[in-house]
Structure formats: structure tokens, C-alpha cells
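The structure appears right after this line, and notes come after that.
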Amino acid sequence: MRLVVHAPDRLTAGSRSFRCTIGRNGVRDDKAEGDGATPAGQFALHRVIYRADRLSRPDTGLPAAALAEDLGWCDDANEPLYNQPVQLPFAGSHEVLWREDSVYDVIVVLGHNDSPPVPGKGSAIFMHVAQPDYGPTDGCIALALADLLEVLALCGPGDTIEINPGGAADAHRK
């Protein structure tokens, strides 16, 4: 399955179309850490991490594992573990994945800047649950939980997501 994000607010999976949200600064070809943009390009869907205390394992062909309370993601370009999962506590700058809100109840790890990670080119680019108001993300792609679960049911090993600029997002391209 190839997922396609048509900025600023649609994701297609086969013949299905879903509302989504992207980074607050649109889609960029030259993604940089902290720029609030979603990277343009085609990326592998690596694996799913989910909150087992809130929902059961998503129906998907992708590898999936329960989220541990001590899992974080390094966003510190000066750390050797940049753009990789880390165990908390962690001294460098990082994102905490165990959140009080529902945004990270399901996380799809995307293959952005990971082979190998280039410091400063962006970290923690996920597909995850949208805020109820579909507010913009810091660079991820977000969908309603039911839609994300429906998309994941279509996905398996080797599948990708293509993120395209377009529509109103073109005004945000830098």
C-alpha cells in the first residue's frame, strides 16, 4: 500500500481518502529540526507503537509493539542517538512518547532521516492521532484515531507514505 498525503489536509490509501493535518509550516523539501514543517518525499512505514493501556494492538501487517512508559525520541542534533528511540531518563533533548493526551496512543514511525540520521535534518516524524480540532502538528501527519486504525489495517511490510506539497501548503514552502 502506498499512502499519499496531499497537503494540506488529505491522506489517500488506495481508493479511500481521509482528513489529516500536517506541520504548522506546511511541507518542505529542506526539512530542518524544529522548523514545524512536514518533510516532502517518500518514506517507509517502519513500525507501529501503541498505548496498550488505552487500546488493543492495531490490526496491521506492520510490526507493532506496546509503548513503554520510559520510551522517548532523541531530537538533540548533538547526541549520537539523534532521531532514534531512547530510554528515559535521557540527558539530551528528547520527546516523551508517553503522553497524557491521546495524540501518541498510536504512533507510526516513518523512515525520515534515519538511514543514517543526519543531525539537524529533522527527527520524530510520525503518523499519529490528531488533536480533536485537527490543529497542526510540529511536522508529523495526524489523523482521527478511527481513520488511523482503518489506514493501518491496509498496511504491511514494504509500504510507504508519500508526502506532497500542494494547495494552501504551497504558501508555507520555504
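Worth pointing out:
- Of all residues in the stretch 84-128, those being surrounded by fewer than 15 Cβ atoms within 10 Å (Cβ to Cβ) and in a strand (DSSP E or B) number 2.
- Ala142 meets the conditions (1) closer than 19 Å to Ser56 by Cβ; (2) surrounded by 19 or more Cβ atoms within 10 Å (Cβ to Cβ) in every case but one. The failed one is (1).
- Selection from the stretch 42-63 of residues that are buried (at least 18 other Cβ atoms within 10 Å of the Cβ) and assigned to a strand (DSSP E or B): Phe43, Leu45, Val48, Ile49, Tyr50
- Output for the stretch 129-169, where each listed residue is within 14 Å of the chain's Cα centre (by Cα) and in a strand (DSSP E or B): Val129, Thr137, Ile141, Ala142, Leu143, Thr160, Ile161, Glu162, Ile163
- Of all residues in the stretch 46-57, none that is closer than 17 Å to Leu71 by Cα and free of Cβ contacts under 8 Å to residues at least 12 places away in the same chain has its Cβ atom under 9 Å from the Cβ atom of a residue that is of a type in the set (Asp, Glu) and part of a strand (DSSP E or B), 6 or more apart or on another chain.
- Pair list, Cβ under 6 Å, 6 or more apart: the stretch 77-103 residue under 20 Å from Gly139 (Cα atoms), other residue among the β-branched types (Val, Ile, Thr) and surrounded by 14 or more Cβ atoms within 10 Å (Cβ to Cβ): His94/Val86; Ser102/Val129; Val103/Val129
Since every read-out is calculated from the coordinates, none of them should be taken as a lab result. What you see is a predicted model, and the numbers here were worked out from it, not measured in a lab. Every residue, glycine as well, gets a Cβ built from its backbone with ideal geometry; the counts of neighbours run over all protein chains shown.
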